[in-house]
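The values are calculated or read from the model by the stated rules, or taken from the named source; none is laboratory data. The model shown is predicted, which means the values in this text are computed figures rather than measured ones. No Cβ is skipped: glycine too gets one built from the backbone with ideal geometry, and neighbour counts run over all protein chains shown. Calculation scope for accessible area: heavy atoms of the full protein, side chains included, ligands and nucleic acids excluded. Shrake-Rupley method; radii C 1.70, N 1.55, O 1.52, S 1.80 Å.
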Amino acid sequence: MTDVRDVTCRSPYRRALWIFAALGATGTAATAVYAADRGGLWGVWSGIALLSALVALASLRGAVARVSADAYGLHVRTLLRRRSMPWSGVADLQIRMRNEWNHKAPDTRCVGVVLHDGRRRLLPLPRSWSPEDPEFDAALEKLRALHRRHGTPRSGHLPVVSHRSAGYGRLGSLGLCVLLLSGAGLAVWSVSGTAAEERAWKSAVPCTARTPAAERGECLSTLPAEVERTEAGRPRNPSWLYFTGGRPLERLRVSQEAAREFRPGDRVGLTLWRGEVMEVAGERHVWREHVVTPGSVAVLAALCALAAGWPGARVLLWLRRRRLPDDEVLPSELPFVGALAGTALWLLPLAYLHPTGPFDSAAGTVWAAAGSLVTVSLFARAWRATRVHAPGEVPGAGEPAGQGAQVFLTARFLEPTDYNPHRFGTHIVIGGGPPAVTPHSGPGRFAAKPIPVERLTVKEVRRARGGDGGAVPGGWHIAELDDAGRPVRLAAAPGDLTRILRELEHAKTPAGSGEAVGDAPTAR
């Protein structure tokens, strides 16, 4: 690639995009003219025109997009603007993975540009929806060759940034957290009003002849009525009671059970309070309107606050590790989710039983204090569990296993080899024989494949990166191995990985051939 002079990237579907753009524009114009002549159909045809216009704009945007590169830098042309970035200002080129949370859809690979001033740009092209796309890989390699020749790359490593990586933005998680906290605050604000309304309903008494007309809304009024017919809707659909003569109202929305229990011709009494029907009483069935309780509103507020903790944990981990390289995988937020679930076990019952505040009784105060201590301990454990261990830190690593003890450690070779065919291995067994790859966690060495330790040499130990795949947890480390000239990656938890490498060295040393595995690995 050293002879690359310029690169031009355009959509391979330009002809089809131009056709769709023309069809969309034609459809927009035709439906607009047709709808203008028939004003009564404007609502329907305006939607068709809007849809056609969106198709035309999207197709036109893809058809005119172009990314070119030469000795002067990157040149990006889109539908609305043109932009150039000189190579002297480009610090790095990286692969950005999109839509990885949807396992049914293929991942989208894009090219990201990191500038020396810290800003990031996403190139519209090249783009790929396949993990193995020769055209995308060739175009990216040409861009990197021009960058190496005319710019100053940070390193020769190609970062792959996924949604689990430190370089992936957390603006969506922050927005969701703020939205859920706003909902929780709104629910908390309405608790007092809901409690006052519930007390007013429970204390309401029937109206008398002496009750002034202005105060009749606060007392209970009973009106006779006759059911004309019922309409029981399907689940999640409304059910209705219709009254004869439309008196005192034409229809009333009730539960599905009430619509099935009442019969045409039933004489019922309607209880009104504050202008709403709160009860329908008949000989066979009584239906009552559901009154929102302050406990249910408080539980809703607590649920919103707890749900906000999930995206909040993602933002916290991102802020905590914002100085990591862009492609290094962050620890999972699941320990914090477990802490939130533990908090919900005591917070939700407390919110339901003491909606206006836990300090209105001694039992509520003790409950809240004990629960708070539990939550603090859970979050402290989650904070420790999500620490990023630098390669070289070996928490929980022990000495090599003895010949009689078998230990199964969760680990994966990420490349298929003769001792890991089709990436079948999920564990490595040490002790009781030579180290081997197994597809199970024991006991026994059934289907185990011995590891040829004499062929392996450790090159470096590093943290997990976005390019290592979604099967590698964020807290694991990766050992870059040389397998007789072929690069192989071994992934495991930091302590387990150190223990495995020590066992491989221990198993290799008696052979006395070559350099021992694990000699002076490069930690990064």
Examine the range 442-455 for a residue that is touching an Asp or Glu at 6+ places or on another chain (Cβ under 9 Å), under 16 Å from T410 (Cα atoms), buried (at least 23 other Cβ atoms within 10 Å of the Cβ) and among the hydrophobic types (A, V, I, L, M, F, W, C), and state whether such a residue exists. no
Can you list residue pairs whose Cβ atoms sit under 8 Å apart, with the first residue in the range 130-141 being among the aromatic types (F, W, Y) and the second being open to solvent by less than 40 Å² (accessible area, probe 1.4 Å)? Count only pairs 6 or more apart in sequence or on different chains. F136/R109; F136/P126; F136/S128
Within the range 211-246, which residues are in a loop (DSSP other than H, G, I, E, B) and surrounded by 12 or more Cβ atoms within 10 Å (Cβ to Cβ)? T211, C219, A232, G233, P238
Run down E257, E289, E250, E261 and say which single residue is among the charged types (D, E, K, R) and either in contact with a Gly (Cβ under 9 Å, 6 or more places away or on another chain) or open to solvent by less than 70 Å² (accessible area, probe 1.4 Å) (or both). E261
Return a yes/no flag: does the range 269-280 have any residue that is surrounded by fewer than 16 Cβ atoms within 10 Å (Cβ to Cβ) and touching a Lys or Arg at 6+ places or on another chain (Cβ under 6 Å). no
Tally, over the range 329-370, of residues that are surrounded by 14 or more Cβ atoms within 10 Å (Cβ to Cβ) and among the acidic types (D, E): 1
Among the residues that make up the range 135-146, is at least one of them touching a Phe, Trp or Tyr at 6+ places or on another chain (Cβ under 6 Å) and surrounded by 13 or more Cβ atoms within 10 Å (Cβ to Cβ)? no
Number of the condition not met by G169 [criteria: (1) modelled with pLDDT of 85 or more; (2) out of contact with any Pro (no Cβ under 9 Å at 6 or more places or on another chain)]: (1)
Taking S84 as the residue in question, decide whether it is of a type outside the set (A, V, I, L, M) and open to solvent by 40 Å² or more (accessible area, probe 1.4 Å). yes
Quick check on R465: is it surrounded by 20 or more Cβ atoms within 10 Å (Cβ to Cβ) and out of contact with any helix residue (DSSP H, G or I) (no Cβ under 7 Å at 6 or more places or on another chain)? yes
Could you say whether any residue in the range 177-191 is open to solvent by less than 90 Å² (accessible area, probe 1.4 Å), in a helix (DSSP H, G or I), of a type in the set (S, T, Y) and in contact (Cβ under 8 Å) with a residue 60 or more places away in the chain? yes
Quick one: in the range 348-371, of everything that is in a helix (DSSP H, G or I) and touching a Ser or Thr at 6+ places or on another chain (Cβ under 8 Å), which residue is nearest to A184 (Cα to Cα)? Y352
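Rundown of residues vs (1) within 29 Å of H75 (Cα to Cα); (2) at pLDDT 75 or above; (3) in a loop (DSSP other than H, G, I, E, B), yes/no style:
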| site | (1), (2), (3) |
| --- | --- |
| M1 | yes, no, yes |
| T8 | yes, yes, no |
| A25 | yes, yes, no |
| A29 | no, yes, no |
| V33 | no, yes, no |
| G40 | no, no, no |
| V44 | no, no, no |
Of all residues in the range 320-341, count the ones that are within 22 Å of A187 (Cα to Cα) and among the small types (G, A, S). 1
Taking interchain pairs and intrachain pairs at least six residues apart, which have beta carbon atoms under 6 angstrom, with the first residue in the range 18-30 and farther than 11 Å from A53 by Cβ and the second open to solvent by less than 90 Å² (accessible area, probe 1.4 Å) and assigned to a helix (DSSP H, G or I)? W18/A63; F20/S59
Taking the options A214, A209, A196, A232, name whichever one is over 23 Å from A305 (Cα atoms) and touching a residue at least 12 places away in the same chain (Cβ under 8 Å). A232
Among the listed residues L303, L330, L317, which satisfies the condition of being out of contact with any Pro (no Cβ under 8 Å at 6 or more places or on another chain) and modelled with pLDDT under 90? L330
I need the full set of residues from the range 472-524 which are among the small types (G, A, S), open to solvent by less than 70 Å² (accessible area, probe 1.4 Å) and at pLDDT 70 or above, in order please. G474, G475, A479, G485, A491, A492, A493, G495, A507
